[in-house]
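Participant: Have a look at this one.
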Amino acid sequence: MLDARLIHAVHAASGDGAVFQTSTLEALLHGAYLGDLTVAELARRGDLGLGTFDALDGELILVDGVVYRAAADGSVAPADPGRRSPFAVVTRFTPRTEVALGPLDFDALLERLDRDVPRDGVCSAVRIDGAFAHVRLRSVPAQRPPFRTLDAVLAEQQVLDATDVTGTIVGFRFLPGAAGLDVAGFHLHFISEDHAFGGHLLSCRPRAAVARLDFDADLDLELPPGVQLPSDGAGLDGLARLERDAPPPPGAA
């Protein structure tokens, strides 16, 4: 259940908040794959973010004010402004702190970022630019009705690997009390510097990178018809487990 201490920081979308979210991951978990907000509308809400498209037809990556669609094979192209999204989180990114990163494994990277994240509010935004020894992404094919639940879809996820790649990670860190709005912890997407390859980030190994964090506490939440505030976040732990149980990257011990 959404922590009562955080409810004051989640409010109906007014257009004035620094972080905007349409729908909830809990709704997506249960197969709510059709949205009512367009790419053009999301781009007016922020310049950095992530999400997905109707019928899970690609990963949404918003960086430097441009919305990109990463297809099931990891290829990337600017998204059609009229394409709709059933779930997205975007913000007008204003970095509050900057962290230089040397060679790290993924767990150490998340631990390093977590040191600077406040323990109040709902979420913080993150952007990491740099060179990566390895990135591991996931993709799923577009779905057709009747829609299966998200955990069933992700059980068949395709894993995409790239080595020696330069690019940008964008995403958010949600506090545990916000379970159901998104996965507690970091939710991250990746796009290569040439905007040719991207997707949902499962893991990475930076060589040299710079992380910037934006500590916006409040969240403007727009709930489409039929979607309610999260009840218990049931099933989100299963999604995290699917990511942890992905095959190890090449060269891993």
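Participant: Looking at this structure, is Arg127 without any contact (Cβ under 8 Å) to a residue 24 or more places away in the chain, closer than 29 Å to Thr163 by Cβ and in contact with an Asp or Glu (Cβ under 9 Å, 6 or more places away or on another chain)?
Facilitator: Criteria not met by Arg127.
Participant: Continuing with the same structure: For the condition modelled with pLDDT under 95, out of contact with any Gly (no Cβ under 8 Å at 6 or more places or on another chain) and either buried (at least 23 other Cβ atoms within 10 Å of the Cβ) or over 17 Å from Asp220 (Cβ atoms) (or both), what is the one hit in Leu56, Leu28, Leu48, Leu34?
Facilitator: Leu28
Participant: Go through (1) over 20 Å from Phe20 (Cβ atoms); (2) modelled with pLDDT under 95 and name the single condition Arg96 misses.
Facilitator: Among (1) over 20 Å from Phe20 (Cβ atoms); (2) modelled with pLDDT under 95, the lone unmet condition for Arg96 is (1).
Participant: Output the residues belonging to the range 72-118 that are surrounded by fewer than 17 Cβ atoms within 10 Å (Cβ to Cβ), of a type in the set (Gly, Ala, Ser) and in contact with a strand residue (DSSP E or B) (Cβ under 9 Å, 6 or more places away or on another chain).
Facilitator: Ser75, Ala77, Gly82, Ala100, Gly102
Participant: From the list Asp73, Asp107, Asp116, which one is over 30 Å from Gly226 (Cβ atoms), acidic (Asp, Glu) and not in a loop (DSSP other than H, G, I, E, B)?
Facilitator: So the residue among Asp73, Asp107, Asp116 that is over 30 Å from Gly226 (Cβ atoms), acidic (Asp, Glu) and not in a loop (DSSP other than H, G, I, E, B) is Asp107.
Participant: Let me confirm something: among Arg136, Arg148, which residue is at pLDDT 95 or above and either closer than 27 Å to Asp220 by Cα or outside any loop (DSSP other than H, G, I, E, B) (or both)?
Facilitator: Arg136
Participant: Exactly one of (1) at pLDDT below 95; (2) farther than 17 Å from Phe174 by Cβ; (3) part of a helix (DSSP H, G or I); (4) not small (Gly, Ala, Ser) is unmet by Asp16. Its number?
Facilitator: (3)
Participant: On to the next question. Is it fair to say Gly185 is part of a strand (DSSP E or B) and either under 15 Å from the mean Cα position of the chain (by Cα) or under 23 Å from Glu111 (Cα atoms) (or both)?
Facilitator: Criteria met by Gly185.
Participant: Just wondering, is there one or more residues in the range 151-161 that are part of a strand (DSSP E or B) and of a type in the set (A, V, I, L, M, F, W, C)?
Facilitator: The answer is yes, given that some residue of the range 151-161 is part of a strand (DSSP E or B) and of a type in the set (A, V, I, L, M, F, W, C).
Participant: Filter the range 156-174 down to the residues that are farther than 15 Å from Leu25 by Cα, of a type outside the set (Val, Ile, Thr) and surrounded by 14 or more Cβ atoms within 10 Å (Cβ to Cβ) and list them by number.
Facilitator: Gln157, Leu160, Asp161, Ala162, Gly167
Participant: Let me ask something additional. Val99 fails exactly one of the following numbered conditions: (1) closer than 25 Å to Leu28 by Cα; (2) in contact with a helix residue (DSSP H, G or I) (Cβ under 9 Å, 6 or more places away or on another chain); (3) not basic (Lys, Arg). What is the number of that condition?
Facilitator: With (1) closer than 25 Å to Leu28 by Cα; (2) in contact with a helix residue (DSSP H, G or I) (Cβ under 9 Å, 6 or more places away or on another chain); (3) not basic (Lys, Arg) applied to Val99, the lone miss is (1).
Participant: Any chance the range 106-116 includes a residue that's of a type in the set (Lys, Arg) and closer than 20 Å to Asp220 by Cα?
Facilitator: no
The values are calculated or read from the model by the stated rules, or taken from the named source; none is laboratory data. In this text, all values refer to a predicted model and were calculated from it rather than measured experimentally. Virtual Cβ from ideal backbone geometry, glycine too; neighbours counted across all protein chains shown.
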